[in-house]
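Contents: one structure, followed by commentary.
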Amino acid sequence: MEERRLRIAVAGTGMIGRIHARSARLAGADLVAVAASTPQRGAAAAAELGAARHAANAEELATAPDVDVLHVCTPNHLHGPLTRLALEHGKHVVCEKPLATSLAEAQQLAADAERADRFVAVPFVYRYHPVVRHARELIVAGELGEVRLLHGSYLQDWLLTTADTNWRVDAGLGGRSRAFADIGSHWCDLASFVTGHRFTSAVSAVETAIPLRDGQPPVTTEDVAAALLRTDRGALANVVVSQVSPGRKNRLWIEVDGAEASVAFDQEQPESLWVGRRDGARIVLRDPEQLAPAARRFAVVPGGHPQGYLDCFDAFVRDVYTGIRDGELPEGTPQLADGLRAAAVTDAVMDAAASGTWTEVAGAERAAAATGATAAPHTASNGGAA
Ligand SMILES: NC(=O)c1ccc[n+]([C@@H]2O[C@H](COP(=O)([O-])OP(=O)(O)OC[C@H]3O[C@@H](n4cnc5c(N)ncnc54)[C@H](O)[C@@H]3O)[C@@H](O)[C@H]2O)c1
């Protein structure tokens, strides 16, 4: 018997809402409704995206009886309330990062999701680059040896001048952290996903490089952040996050240095992975022939035919829907526990910047254990079998 198609709705039809709608379609779901900031915008988005209808507001989507999965793609302050409402009405949720605008709210959502017995997936989609999976497999296989150092950056320039603004700049809509919650959270998730290490404490500094933006009240959220972190397996990590770095568009760069080898990945060059050893370095191309078996299923076209960000999104949504149908999300799917962990790291980074001292990453481990975190790689040298 043919399975009923999942009925999905998208709340927030800006940059990322459109990508969710596209990936949902490709995964075989029916886009039954959308909602935007006003009914007029919702109607225009429904027509453009081919949704069956538009709702007067996002809350209507969260409570609609004909929606199986709600995609929350609104500004950050609505992530928590809409996810909670949708869970209360029996829906699975794909909630954009950051999961919530405070750690307390993220923790509350974890309890809500457990009570509702529904999935909440969080689009940390850089996990879906095939060479990222390959790097993870190298670590699982022990090829890097003991992981000692994680370092990198996530740099953008779209908020470079005083004329640049966005709802994210307003702490009331974006949350108390901007750059770190927005993009530092991606870096931290990727670092944990690839290595299996979890961040336990942080010391940091943040700066609002542009305290006055045209037509805005004084800005309280950070443009740049620099954090030094420790992991639960004894490694050090260092990340620089910026939304004001000229010429950098979406440069998520990460290197993991082990006792035997290092790997480095640049999100803007996602067709290759650098693997370094003392006696030489090599480039692994995103060629299915060269990739570890667990990475191959994400290589959807042959080598030499570049893949990218949209393919990551498609793979993420496909895996989430498969999991919803099967009753279990595929291993590696970023979910609520991962969003919660990112919220806890962000909170620690912001508290550390305020206090100037090492600050523990609160509660994430406990909450993650209770809600079923993504299984992370372990190697013989750093704590057990994968
Ligand atoms: N996972 C990723 O890679 C990724 C990438 C980009 C953005 N995001 C996240 O997605 C979210 C949206 O970001 P964006 O870049 O698409 O922003 P955006 O400004 O392009 O879009 C936000 C949309 O929400 C709509 N909106 C505002 N208030 C609303 C309301 N009350 N009800 C319904 N819709 C409302 C706006 O009309 C707009 O269309 C953010 O939380 C961001 O962190 C994630």
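The values are calculated or read from the model by the stated rules, or taken from the named source; none is laboratory data. Because the structure is predicted, anything quoted here is derived from the model rather than measured. Here the Cβ positions follow ideal geometry from the backbone for every residue, glycine too, while neighbour counts run over all protein chains shown.
With the condition kept exactly as written, say whether any residue in region 230-252 is of a type in the set (Asp, Glu) and buried (at least 19 other Cβ atoms within 10 Å of the Cβ).
As a first pass, look at region 230-252 and keep what is of a type in the set (Asp, Glu): 232.
Still in the list and also buried (at least 19 other Cβ atoms within 10 Å of the Cβ): none.
Checked against the condition, which is being of a type in the set (Asp, Glu) and buried (at least 19 other Cβ atoms within 10 Å of the Cβ), region 230-252 yields no hits at all.
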Checklist entry - Is it true that some residue in region 266-287 is in the same structural domain as residue 156 (by TED's automatic domain parsing), within 23 Å of residue 349 (Cβ to Cβ) and buried (at least 18 other Cβ atoms within 10 Å of the Cβ)? => result yes
Checklist entry - Using beta carbons and a limit of 8 Å, which pairs, at least six apart or on different chains, have the first residue in region 51-72 and free of Cβ contacts under 8 Å to residues at least 40 places away in the same chain and the second one within 11 Å of the ligand (Cβ to nearest atom) and part of a loop (DSSP other than H, G, I, E, B)? => result 54/36
Item to check | Considering residues of region 291-332 that are touching a residue at least 60 places away in the same chain (Cβ under 8 Å) and part of a loop (DSSP other than H, G, I, E, B) only, the residue surrounded by the most Cβ atoms within 10 Å (Cβ to Cβ) | outcome: 298
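When region 125-167 is examined, which residues are found to be among the small types (Gly, Ala, Ser) and either within 16 Å of the ligand (Cβ to nearest atom) or in a helix (DSSP H, G or I) (or both)?
In the first step, residues of region 125-167 are kept if they are among the small types (Gly, Ala, Ser); the result is 135, 141-142, 145, 152-153, 163.
Of everything in region 125-167, just one residue is among the small types (Gly, Ala, Ser) and either within 16 Å of the ligand (Cβ to nearest atom) or in a helix (DSSP H, G or I) (or both), namely 135.
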Checklist entry - In this structure, does residue 219 turn out to be in contact (Cβ under 8 Å) with a residue 24 or more places away in the chain, surrounded by fewer than 21 Cβ atoms within 10 Å (Cβ to Cβ), among the β-branched types (Val, Ile, Thr) and assigned to a strand (DSSP E or B)? => result no
Next on the checklist: Return the residues of region 206-230 that are closer than 26 Å to residue 188 by Cβ and of a type in the set (D, E, K, R); say none if nothing qualifies.
Outcome noted: 207, 222, 223, 230
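Taking the condition of a type in the set (Lys, Arg), within 16 Å of the ligand (Cβ to nearest atom) and assigned to a loop (DSSP other than H, G, I, E, B), does residue 176 pass? Full working, then the answer.
On the way: of a type in the set (Lys, Arg): yes; within 16 Å of the ligand (Cβ to nearest atom): yes; assigned to a loop (DSSP other than H, G, I, E, B): yes.
Taking the combined requirement at face value, the residue satisfies it.
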Checklist outcome for this item: Checked against (1) in contact with a Gly (Cβ under 6 Å, 6 or more places away or on another chain); (2) modelled with pLDDT under 95, residue 253 satisfies every condition except (2)
